[in-house]
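These notes concern the structure reproduced below.
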Amino acid sequence: MAGKKPFGNPVPVSDLATEILDPVLKKRAGISIGLVQSWEEIAGPRLAGHSRPEKIQWPRRMHEDDPFEPATLIVACEGMAALHLQHEAGEVINRVNAFLGFNAIGRVKILQKPVLSQKARPKPVARPLSEAEKAKLARTVGKIEDDGLRASLERLGATILRQKRP
């Protein structure tokens, strides 16, 4: 029981997720959560927005005595980011190796596929309401006495009307 943490102390969810996911990622992809989380600092904001590390592919060793060979970092990229990453591959390799603390990566393999998360995708622009739609909405919620409720219902109605085609 010496290694167990006492019950009742709050622990950040990110720490719990890291404890669970890190061994799985290391086994399946040869990559740590730390590398994925630090990708923006490693690759820079311009590349990190359109790329993400997928896995580290280690070369097979036939015998224990075989010399160490650096691994290949597989990075998912979209569009022009692949060209930028190819151009800056040497610098990215140096930064990843510095992050890992030894010369683990020898080359970068680029895998072109979409990588933007939902939060990074631009939100669709809602169409403006016509004057007739605004007037109808105002008449519909106009008799509600509570100002907060009326404003909330008016926003809800406007959102619903914007989704419908005129």
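Only a single criterion out of (1) modelled with pLDDT under 90; (2) within 24 Å of the chain's Cα centre (by Cα); (3) of a type in the set (A, V, I, L, M, F, W, C) is not satisfied by Ile110, namely (1).
Within region 113-140, being modelled with pLDDT of 85 or more and either assigned to a helix (DSSP H, G or I) or touching an Asp or Glu at 6+ places or on another chain (Cβ under 9 Å) (or both) holds for Lys113, Glu131, Ala132, Glu133, Lys134, Ala135, Lys136, Leu137, Ala138, Arg139, Thr140. Of all residues in region 66-107, those that are touching a His at 6+ places or on another chain (Cβ under 9 Å), outside any helix (DSSP H, G or I) and either free of Cβ contacts under 8 Å to residues at least 24 places away in the same chain or not small (Gly, Ala, Ser) (or both) total 2.
The values are calculated or read from the model by the stated rules, or taken from the named source; none is laboratory data. This one's a predicted model, so the numbers in the text were calculated from it and none came from an experiment. Quick reminder, even Gly has a Cβ in these numbers, built from the backbone with ideal geometry, and neighbours come from all protein chains shown.
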